[in-house]
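Taking it in order: structure first as structure tokens, then the write-up.
A short reminder: the numbers here are calculations on the coordinates, not readings from a lab. Keep in mind that this is a model prediction, so the values were computed, not measured. Glycine gets a Cβ as well: all are built from the backbone with ideal geometry, and neighbour counts include every protein chain shown.
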Amino acid sequence: MEITSFSMPEYNSLNAVNEYNKFLKGHAMFDVQNPEDFDNTLLFEEKKLSKTEPEKPFIELMGNAFADGLNSVDKTRKASERAEEIFAAGGDISVHEVMIAAEKASLSTQMAIQIRNRILNTYTELNQMQL
């Protein structure tokens, strides 16, 4: 049995690098003529990343989330009331849409009550803990 050899194209290691450089040439981060420009670009990117806002305290984040939730519950309740008023005035709204809006308002109110109850339970448990 004779083993036939096959010819593989010879790759120059610099050829792949040159091809990749050609690919990157049009990109702003890599189209740099001298090393100082590249360093300045890196420093500029670091400054952009370091200008993030300081982290807010946990209590503030929870307060904002709870306030947003209550605002959402209020919006669904008001939408339900508007749908009922439009239906009562003989407007262009079906009974199904009115019932769906009312059920959404009811469910969001029930969920808000359950969240409030859990927060209160957690608060009382934390107060009863001995450190």
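Conditions (1) without any contact (Cβ under 8 Å) to a residue 24 or more places away in the chain; (2) among the β-branched types (Val, Ile, Thr); (3) in a helix (DSSP H, G or I), marked per residue:
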position: 93; (1), (2), (3): yes, yes, no
position: 104; (1), (2), (3): no, no, yes
position: 109; (1), (2), (3): no, yes, yes
position: 117; (1), (2), (3): yes, no, yes
position: 121; (1), (2), (3): yes, no, yes
position: 126; (1), (2), (3): yes, no, yes
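Give the residues of the stretch 75-99 that are more than 18 Å from residue 109 (Cα to Cα) and acidic (Asp, Glu), sorted by residue number. Reasoning before the result, please.
Let us first name the residues in the stretch 75-99 that are more than 18 Å from residue 109 (Cα to Cα), namely 85-97.
Within the stretch 75-99, 85, 92, 97 meet the criteria.
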